[in-house]
1. What residues have an amide H closer than 5 Å to that of T304, excluding those fewer than 5 places away on the same chain, when H is modeled at 1.01 Å from N in the peptide plane?
2. Order S271, S48 by their accessible area, 1.4 angstrom probe, all chains in place, largest first.
3. Rolling a 1.4 angstrom probe over the protein heavy atoms, how many square angstrom per residue are accessible across the chain?
4. Any idea which of T137, L180, I168 is furthest toward the positive side of the dipole for region 134-240, if Lys and Arg beta-carbons carry +1 and Asp and Glu beta-carbons -1?
5. Give me the lysines in straight-line cross-link reach of K412: C-alpha distance below 23 Å, same-chain residues under 8 apart excluded.
6. Determine the dipole magnitude for region 191-275: charges of +1 sit on the beta-carbon of Lys and Arg, -1 on that of Asp and Glu, nothing else is charged, the reference point is the Cα centre, and the result goes in debye to the nearest 20.
7. Give me the dipole magnitude in Debye, nearest 20, for region 225-371 about the Cα centre, with unit charges on the beta carbon: positive for Lys and Arg, negative for Asp and Glu.
8. How high is the relative contact order of region 169-244, in percent, counting Cα pairs under 8 Å that sit 6 or more residues apart?
Amino acid sequence: MKVFQPKILTLFKNYSGRQFVTDVVAGIIVAIIALPLSIALAIASGASPEQGLYTAIFAGFVIALLGGSNVNISGPTAAFATIVAGIIADFEFSGLVIATIMAGIILILMGICRLGALIKYVPHTITVGFTSGIAVTIVIGQLKDFFGLVYPEGTSPIEAPEKIEAMIHNISTFDILSLLVGLLGLAILILWPKIKYVNKVPASLIAVIAGTLAVVVLGLEVPTIGNKITAGFPTPSIPQFELSKVLELIPSAFTIAILAAIESLLSCVVSDGMINDKHNPNTELIAQGAGNICSAVFGGIPATGAIARTAANVKNGGRTPVAGMVHALVLLIVLVVLMPLASFIPMPIIAAILLMVAYNMCEWRSFVKICKTKNVCDIIVLVLTFVLTVVFDLVVAIVAGIILSLVFYFAKKIFKKNK
């Protein structure tokens with residue numbers, strides 16, 4: 001298998017007009033799904049709403065064009081929310097751009113060095129631990145907007161414990177209207193997929209439309225995205241690379257790169273099983289690297305393969321990279337033409353969407369299964385990674401989880417040898 005062989009190069013051997021139409025339809029449907037998610041995930045990451053769309057557009061297009069999977073859809077994902085928010089808080093958005101570009105370079109080098117196959121050796125207990133931890137931090141981060149809490153000016157909690165403390169101190173600002181709008185969104189997200197004939201329309205889009213109409217028509221005083229959003233095509237920009245800042249951002253860059261590699265290749269494996277295909281992991285890593293660099297240059301946040309959007313692509317007939325590129329182009333049209341309307345979206349609806357995202361990604365069943373069936377060492381690694389992700393951050397959690405896994409692995413080897 002070649003190191004770099006994009007799937008697009010094999011596209012036109014047996015490509016038909018019928019498949020093109022199917023790919024276009026799948027791309028449009030995935031774009032509709034990605035629209036509210038990209039906005040919500042950008043807000044959860046501490047970025048502006050349109051920066052989530054920049055990510056889905058530029059990273060999504062480049063990764064589909066250069067990628068080693070026929071159907072993988074890339075863009076902003078919940079896995080990055082906590083680490084991105086931390087980087088922006090510590091180094092501002094310019095620091096995130098530098099870290100994302102560095103992560104892109106690392107991903108490209110990983111692909112060139114044929115490290116794609118090594119990702120599967122990351123212990124399952126670590127991936128479940130930090131994924132569950134990220135889900136919990138997302139929930140904690142969205143409770144403020146879901147309950148309509150108001151913090152004093154200058155209060156900007158970043159870590160989960162700080163957010164919990166701020167919520168407790170400001171619980172008296174609870175707003176019943178925000179809660180009702182949030183519950184409306186949550187009810188739609190839960191019940192809409194169960195309704196026959198209409199359930200192919202994304203529940204998140206229906207929740208956004210219904211919540212926005214409820215607030216606008218009834219004149220409810222509920223916080224909205226407001227003037228936080230900017231329409232139009234972004235201008236490419238690269239911040240100044242200062243050596244001191246680069247050195248400080250190295251751990252974050254490696255975390256972004258490793259997380260992007262794990263998430264994207266896991267998405268590829270899942271989609272391979274759905275369409276009986278085989279992706280090229282090294283090509284995919286190179287594409288993810290190029291996509292993240294492009295996203296950062298155009299003002300986006302880190303991107304990776306999104307399993308839910310990839311599955312939606314497959315289920316709606318997408319079978320080639322054309323679907324992924326169409327999804328990006330449709331979002332570009334929305335960004336340029338329709339984005340001013342997004343200013344009316346209520347924040348409790350965004351919070352409800354992210355609460356559902358957190359539930360879908362939390363892997364609580366895998367967490368419980370590991371605790372019931374695995375040995376004590378695996379359980380310790382799982383719980384430690386989970387707790388450190390929630391209390392500290394993803395960098396600390398992944399490093400500690402890997403180190404502890406290696407310690408237990410070599411301890412078992414020595415014990416067996418001396419037995």
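The values are calculated or read from the model by the stated rules, or taken from the named source; none is laboratory data. Note that the structure is a prediction, hence the values are computed from the model and not measured. All Cβ positions, glycine included, derive from the backbone under ideal geometry; neighbour counts span all protein chains shown. Heads up: the accessible areas ignore ligands, DNA and RNA and are worked out on the full protein's heavy atoms, side chains in. Shrake-Rupley method; radii C 1.70, N 1.55, O 1.52, S 1.80 Å.
1. Result for T304 returns G75, T77.
2. The most accessible residue leads, giving S48, S271.
3. 46
4. Result: L180, furthest along the dipole toward the positive end.
5. By straight Cα distance, K412 reaches K120, K369, K372, K374.
6. 420
7. 340
8. Averaging sequence separation for qualifying contacts and normalising by length gives 27 percent for region 169-244.
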